[in-house]
Structures are given as C-alpha cells and as structure tokens.
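Visitor: Here it is: the structure, laid out below.
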Amino acid sequence: MFRKAAVPTVSNGSYLQGQANGKLSSMDSRQPAREGKVVLKKKVTLLRGISIIIGTIIGAGIFISPKGILKNTGSVGMSLTVWTVCGILSLFGALCYAELGTCIKKSGGHYTYILEAFGPLPAFVRVWVELLIIRPAATAVISLAFGRYILEPFFMQCEIPELAIKLITAVGITLVMVLNSTSVSWSARIQMFLTFCKLVAILIIIVPGVIQLIKGETQHFKNAFAGNDASIMGLPLAFYSGMYAYSGWFYLNFVTEEVENPEKNIPLAICISMIIVTVGYVLTNVAYFTTISAGELLLSKAVAVTFAERLMGDFSLAVPVFVALSCFGSMNGGVFAVSRMFFVASREGHLPEILSMIHVRKHTPLPAVIVLHPLTMIMLFNGDLYSLLNFLSFARWLFIGLVVAGLIYLRYKRPDMPRPFKVPLFIPALFSFTCLFMVALSLYSDPVNTGIGFAITLTGIPAYYLFIVWDNKPKWFRKLLGK
C-alpha cells in the first residue's frame, strides 16, 4: 500500500506538533518544544482524564431508554446480566487501549493504532467513515436529546415543537464547538463539572432504589429469568445496545499527547472510570426495577422520568435538567476527543492539511473542531439520524475489534516496543473475538442495515486511491486538498 504523508512521520512512539504558521515537523514527545512552536499542551490530568471518560460514556441512554436490552433479552435477570457482561467486556477493551496508549504515545485513538498495525488504507477508511457519517450523526443524536430535555420543564402540559427542539439543539452544538475552539482548560473544567452532575443524577436514582430494596420491594426480581427466551436474533442487538451505552471508554486515547504522564494516568483513568460506570449502570437498572415492572419499562419513553415521578413527586422536574446536562457533557467530550483524530489524520496526510493547524494563541486544533459543525448541522436538519447510526454501529465495533487484534499483532511484529502497561493476552483475544462475533451476528440478524453500513464503509477504499494515491491530480484539485 502507498501513502503520501503531508509531513514526515515518526514510528517509534514519538509525535508531531504544529508550528506557528500551521506547518508541521517531526518532534519526539520527550523533547521540549523549541521556541516559536505552537503545540497542543499537556493539560489533561488524571482527574480530567477520568472526567473525559465518564463524562462521555454517561449520556442520555441510561436515563431515557435502557429498554433496548430488556426488549432483546426478554427478562429482568438476563437484561441485568447483559449490562454486567457489557461492562466487563468494555473494561477489557479499555485495558487493551490502555496498553496501546502507553506504548504508542500519539493521539488519534482508533486511527493511529490501525495505522501503526495495519497500514494506511484501513486507517484512512476508519477516519473517512468517522468524519462523514459516524461523528456528525452521533453528535446530532445526543444533542437532540439535549434539546428535548432542556425544554421539557417548559412544556410539561403539551408536546414540544420539533422546530424548537432542533433550534435549541443547534445552539447547543454551536456552544460546544465554540468552547472546544476557545480553550482546552475551560473545556476540561466544564467536562469535570458535568461529570459531577451525571454522578449526582445517577445517585438520585440509585439511593431511592436501595431504600426500596431495604423496604422489601423485590417483587419484580422474583423469577427474574422468566419471560421470553433470548434468541440468537436478539442477543447481538442486546449487546449492541449495551456496548453502545458503555462506548466512550476509548476517548482518552484520542488525546494521548495532551495527557500528563500518560504511562501512569491513562491506565489509572481507564480503570477507575470503568469501575465507576459499570457499578453505576448496574445499580441504576436495579433501582428502576424496584419501582417499575418489565412491561412498564418497555412502555416508558423516559425511564428515569417515570421512576422519579413515582418516588420523588415535584422533585422529578430536576431529572430532565440532569439528563440535558448529561447529554451536553457527552457532546463536549466527544467533540474534544474526535477532533484530535482529524488533527492526527491531517498530520499524516489523510485529510486536508488545514485540519492539522493549531490556533496561535489559544493552542486548540481550531479547524479540526470547526469541520464538524456544518456536517453535524446537515445531519440535524436533513438526515435520518437513527438509521445512520444503525447502519454504522457495526462499523464502529468492526474497527475496534480490528484495533485490539492489532495489539496482538504488534506483540509479535514489534516485540521490543516499550510497554509500560501490559495486559494478559487472553484479554485482547477475548475482546476482539467478541467484537467480530457481534459484527458477524448482526449480518445475520439485520442484514439490510448492516449491509448498507458495510457499503458506506467500503466507499473509503476508492476515496483513498482518489485522494491519497493518485499522483496526477489537477492543480485546482490539489489546492482544494490544501496540498
């Protein structure tokens, strides 16, 4: 395979940093920035790293509609089992990314690890799908939940107008983009505050649930595994729902170059975050079932609101506000992290050169943040967002499985690579097998949507040869690409 990098690259774990004029040069991460350089500074501490992971994982799903797992598993006991297993599997995946993040000290997450292990073509396909579809659609979906629930207290007696939801959503998206373009420190501080709000919101549900258990409200747990049997068709969809609820554990790896002492802080932040989220998710679902039956949960549009109305009376008005703050935190964390993937891909010559430029005074990857804004707005006002996410949810897990398989491959391809943090080999083997098995089952259980997603992903291959490999591009075409 052939790749034209816009700049020279370094393959020994060092990374590249922008200069004041937007050009790039190779620079080892252990060397101080020379005078005149404009770099992404190391401002992500352990606490900020934890807030990025928790704040991005915990979105609207756990508060609004965990019924996807219940619907596809058929019983209370099986749904709680899937929530627990998905948490453990996510922890395994996160530990694999912790090893990759400590031995390959480059930002970019999935893209960087696929590039290091398997070369430029699959790496380009990954960033191509992320830029055009996955990230704009995912941001639009979570921001729509933000818009709906921030308006909920003002429309208690009537339906919220769709136009009002989209307009307030557009304001929220713009605010997130401005925040991430203006200051890394302020973006991180707000993320920490929103993470605190999310944990408070979960405790508001867990504590009354524990009180209900103490009172003996366990009727919905009797014969917990009785009900509709989980089918081979339903289980992969249940695991998709569960893994989607936990997705976000990989976002700290997108900003590796900005993490203080990454050898120590990346594994610590990942382990602490995943334990907190898994325990919180399982206990939140247990709390729901102390008050709401399985049938009622399947009928509820917003489980947390239904739960709060039954136990908290007027205080239930606070729940939509906490859900909105939770969604805003997920938007902020996702944009903060994924913009670094585009920054790194541009640095490697796989995206237009302007996306690798850093603001001279603010030290933020301004173009890489802003590029998401128009694409997200198009998705928000014109796209069938949920269909797009269904098409491409398989692509996310296909590439994550490929990344973790790459970890195993790198163990043999580059055995002398320094590995400050190393996981037992069975963990990446089990996790990559699970991801690829889910993808294979989804082809069987939902061949239409999965097939469409597969076709969209494959468009990255001709795009790679058109934009990267083709030498004799017209002059106007090269200017468009920033070459």
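Visitor: Give me the one-decimal nm value for the distance between modelled label points at residue 41 and residue 354, 7 Å along each residue's Cα-to-Cβ direction.
Guide: It is 2.7 nm.
Visitor: Then there is this: Between residue 226 and residue 260, what FRET efficiency comes out of the Förster formula 1/(1 + (r/R0)^6) with R0 = 56 Å and r the beta carbon distance, rounded to 0.05?
Guide: 0.65
Visitor: What are the semi-axes of the equivalent ellipsoid for the stretch 62-203, taken as the square roots of 5 times the Cα gyration tensor eigenvalues, largest first, in whole Å?
Guide: Working: eigenvalues 189, 119, 58 Å².
Ellipsoid semi-axes (Å, largest first): 31, 24, 17.
Visitor: Let me ask you something else. Keeping all protein chains in position, work out how much accessible area residue 237 exposes to a 1.4 Å probe, and write it in Å² to the nearest 10.
Guide: Solvent-accessible area, nearest 10 Å²: 60 Å².
Visitor: What is the angle, in °, between the Cα long axis of helix 426-445 and the longest principal axis of the Cα atoms in the chain? Nearest 10 is fine, range 0 to 90.
Guide: 70 degrees
Visitor: Another question, then. What's the lysine pair count for the stretch 46-470 at a Cα cut-off below 26 Å, pairs eight or more apart or interchain?
Guide: 24
Visitor: Arranged from highest to lowest average of other beta-carbon atoms within 10 Å per residue, in what order do the peptides 204-211, 217-224, 265-272 appear? Could you put the intermediate results ahead of the total?
Guide: On the way: 204-211: 18.2, 217-224: 12.9, 265-272: 21.2.
Ranked from most to least packed, the peptides come out as 265-272, 204-211, 217-224.
Visitor: Express the carbon and sulfur contribution to the solvent-accessible surface of the chain as a percent, rounded to the nearest whole number, probe 1.4 angstrom.
Guide: On the way: 13150 of 19480 Å².
Answer for the chain is 68 percent, counting heavy atoms of protein chains only.
Visitor: So for the stretch 46-470, Kirkwood radius off the Cα pairs, Stokes-Einstein at 4 °C and 1.567 mPa s: how many µm² s⁻¹?
Guide: Translational D for this selection: 59 µm²/s.
Visitor: Could you state the number of Å between the C-alpha centres of the stretch 256-321 and the stretch 88-165?
Guide: When both Cα centres are located, 18 Å separates them.
Visitor: Leaving out same-chain residues fewer than 8 places away, which aspartates and glutamates sit with a Cα under 15 Å from that of residue 42?
Guide: 28, 257, 258, 260, 263
Visitor: On alpha carbon coordinates alone, what is the Rg over Rh value for the stretch 175-228, Rh being the Kirkwood radius?
Guide: My calculation of the ratio gives 1.35.
Visitor: To continue, here is another question. Which values, in whole Å and largest first, are the semi-axes of the equivalent ellipsoid of the stretch 42-104 obtained as the square root of 5 times each eigenvalue of the Cα gyration tensor?
Guide: 29, 16, 7
Visitor: Using only the alpha-carbon atoms, how far is helix 76-103 inclined from the longest principal axis of the chain? Give it as 0 to 90 degrees, nearest 10.
Guide: Value to nearest ten degrees: 20.
Visitor: Sticking with this one: In the stretch 286-383, if every C-alpha pair distance is counted and binned at 10 Å from zero, what percent goes to each bin?
Guide: 14, 27, 22, 18, 16, 4
Visitor: To continue, here is another question. Using per-residue counts of other Cβ atoms within 10 Å, averaged over each peptide, order 122-132, 331-341 from highest down.
Guide: Peptide ranking by packing, descending: 331-341, 122-132.
Visitor: Further question: With the other protein chains left in place, how much accessible area per residue, in square angstrom, belongs to the stretch 46-470 at a 1.4 angstrom probe?
Guide: 37 Å²
Visitor: Kindly provide the Kirkwood hydrodynamic radius of the stretch 209-288 in Å, to one decimal, from all pairs of distinct alpha carbon atoms.
Guide: Here the Kirkwood hydrodynamic radius works out to 15.9 Å.
Visitor: Starting from 0 in steps of 10 Å, tell me what percent of the Cα-Cα pairs of the stretch 254-312 lands in each bin.
Guide: 19, 32, 19, 19, 11
The values are calculated or read from the model by the stated rules, or taken from the named source; none is laboratory data. Please read all numbers here as calculations on a predicted model, not as lab measurements. Here the Cβ is made from the backbone with ideal geometry for all residues, glycine too, and neighbour counts use every protein chain on show. Each accessible area value is taken on the protein alone, full model and side chains, heavy atoms only, with ligands, DNA and RNA left out. Shrake-Rupley method; radii C 1.70, N 1.55, O 1.52, S 1.80 Å.
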